[in-house]
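Here, each number is a calculation from the coordinates, and none is a lab measurement. Bear in mind the structure is a predicted one, so any value in this text is a computation, not a measurement. Virtual Cβ from ideal backbone geometry, glycine too; neighbours counted across all protein chains shown.
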C-alpha cells in the first residue's frame, strides 16, 4: 500500500476554463483540504492553519503565509503548517475545522477562505464581480446554508505571501447575492455531465433523467445522493465513514501496539514518509515502523462498514442504473468499489472525473464551477 496516496496534497495547476459573466470561483471548503476551480486553474491545499511564533523564516516554495497587515500576527497555511506539527503535540489539532457547529466563523476557516480567494484571483485583471459557488453535505444543506453564506459574503482586507515572494495586499468584496450553495454530491453529478468547454456530454441526459446514486466519500463525511425517475430518492450524510475514521483507527492501532499516541495532523507527515517513530522509555531505545500494515487494516475495516451502510441506505442498490463515485476518499476506494460491484450486471460504476480525468477530490469544485457557469448563462 502506498501511504502517500492517503496524504492530503498541495498543488496548483493551470487551466483555461470557459469564462462567465461574473468571475466564478468553485470552492470546496473541505474538512481535510480546500479545493478550488476558477478561470485559469485549480488548486488544493490542506485545511490547516498554524500561527507563526518561533519559526525560522527561511522561505520554502510550499509556504502560504497570511496576515491582516504588517503589524499583525502571521499564520502559515497548508502543507508546511501540517509539517510543523510533532507527533506528541496534543494541543494543535485545528479541531474547530472538524466540528460542524461554529466552523464557518472560526478564525482558521476564515484564514483558509481568504487564502483561497487570493490564489483564485491572482490573475484576475478586470472589474467583474466575484461569484462564489460552493456546497454542503446533502443533509446539512437546509440547516447550514444561511451560516455559510454569512461567513463567505464579506469585504476582506489582508496580505498573502507565497514561497519566497513578497507580501501582496488584497481587497476583495463578496456580495451576499453572489454566494450560492448546492448539495455537494450534485456538484459531482454536474461535473460528470459537463465537458471541459462547459458543454454537456453525450451522456448528460441519461444521467440527469436516469436512476443515479452518487457516493461522495470525503474526509469528514460520506454523502448519499440518489435520484430515480427524476425524483430525489436518497439524501443522507454520515460523519462516521470518511477518511478521518480510517486515520483515527490507524492511530488507535498504533497506540495499542506501540504505546505511541499520534494525532491526525502529525499522522499526515507519517503518511508522506510511510513510517513512524516509536520509543521505549524503560529500555531507552527507539525505532521506526512501517505505517502501511496499520493503515491497510483500518482502511479495509472502514470500507466494510461503507459497504454495509450503502446496502442498508439504498436497499442493496436496487433500482439504480448508475453509481457515481466521487471525493478524495472515493478515489482511494475506487478499486474497492469496482471489486465489490463487479458482478452487479445491472449497474454501471462511473468515477466523477470521466470528462476531465483530474483527481476525484476536485470533482465537487469543478462541478461548482460548471454549475455556476451554466446557471449564470
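Compute the Cα gyration tensor for region 319-374, then decide on rounded, prolate or oblate, letting a ≥ b ≥ c be the square roots of its eigenvalues: rounded whenever a/c is under 1.5, prolate when a/b is larger than b/c in the other cases, and oblate in all that remain. Walk me through the numbers before you get to the answer.
On the way: a/c = 3.03, a/b = 1.67, b/c = 1.81.
In terms of gyration-tensor shape, oblate.
For region 195-255, the spherically averaged projection of the C-alpha convex hull amounts to 5.8 nm². Of the three principal axes defined by the Cα atoms of region 186-304, the extents in descending order read 66, 30, 19 Å. The label point for residue 1 and the one for residue 107, both projected 7 Å from the Cα toward the Cβ, are 3.6 nm apart.
Spin-label model, residue 168 to residue 252: label points 7 Å out along the Cα-to-beta-carbon direction sit 4.4 nm apart. Taking the chain as a Gaussian network, Cα atoms linked when under 10 Å apart, which of 308, 118, 81 shows the biggest mean-square fluctuation? Of the options given, 308 has the highest mean-square fluctuation.
Label positions at residue 334 and residue 297, each projected 7 Å from the Cα along the C-beta direction, are separated by 2.9 nm.
Comparing Cα centroids, region 327-377 and region 40-82 end up 31 angstrom apart.
Please find the FRET efficiency linking residue 155 to residue 72, where r is the Cβ-Cβ separation and R0 is fixed at 22 Å, and quote it to the nearest 0.05. If you can, show how the numbers build up before the last one.
On the way: r = 17 Å, r/R0 = 0.78.
After rounding to 0.05, the efficiency reads 0.80.
Each DSSP beta bridge with both residues in the chain is either parallel or antiparallel, and the antiparallel ones are about 75%. Is the shape of region 237-377 best called rounded, prolate or oblate, per the rule: a/c under 1.5 gives rounded, else a/b larger than b/c gives prolate, else oblate, with a ≥ b ≥ c the square roots of the Cα gyration tensor eigenvalues? Prolate is the answer for region 237-377, as a/c is 1.5 or above and a/b outweighs b/c.
Peptides 291-297, 22-28, 310-316, 257-263, ordered by how many other C-beta atoms sit within 10 Å of their residues on average, highest first, read 22-28, 291-297, 257-263, 310-316.
Multiplying the residue separation of residue 343 and residue 201 by 0.36 nm and subtracting their alpha-carbon distance yields 48.4 nm. Using all pairs of distinct alpha-carbon atoms, the Kirkwood hydrodynamic radius of the chain works out to 21.6 angstrom.
Using only the Cα atoms of region 127-183, construct the convex hull and provide its projected area averaged over every direction, in square nanometres to one decimal. List each step's numbers first, then the result.
Values: hull surface 20.7 nm².
Average projection, Cα convex hull of region 127-183: 5.2 nm².
Taking a virtual spin label 7 Å from the Cα of residue 321 along the C-beta vector, which residues in region 176-209 bring their backbone nitrogen under 18 Å of it? From region 176-209, the list is 189-190, 192-194, 201-209.
Here the peptides 121-132, 207-218, 183-194 are ranked by packing, the mean other Cβ count within 10 Å, and the order with the highest first is 183-194, 207-218, 121-132. Classify region 274-321 as rounded, prolate or oblate, taking a ≥ b ≥ c as the square roots of the eigenvalues of its Cα gyration tensor: rounded when a/c is under 1.5, otherwise prolate if a/b is larger than b/c and oblate if not. It comes out prolate by the Cα gyration axes.
Direction-averaged projected area, Cα convex hull, region 93-204: 9.4 nm², rounded to one decimal.
Take the Cα of residue 129, go 7 Å toward its beta carbon, and the backbone nitrogen atoms of region 5-34 under 11 Å from that spot belong to 22-23. Per-residue ellipticity at 222 nm from helix content only, as computed over the chain with -39500 (n - 2.57) for each DSSP H run of at least four residues, stands at -10500 deg cm²/dmol.
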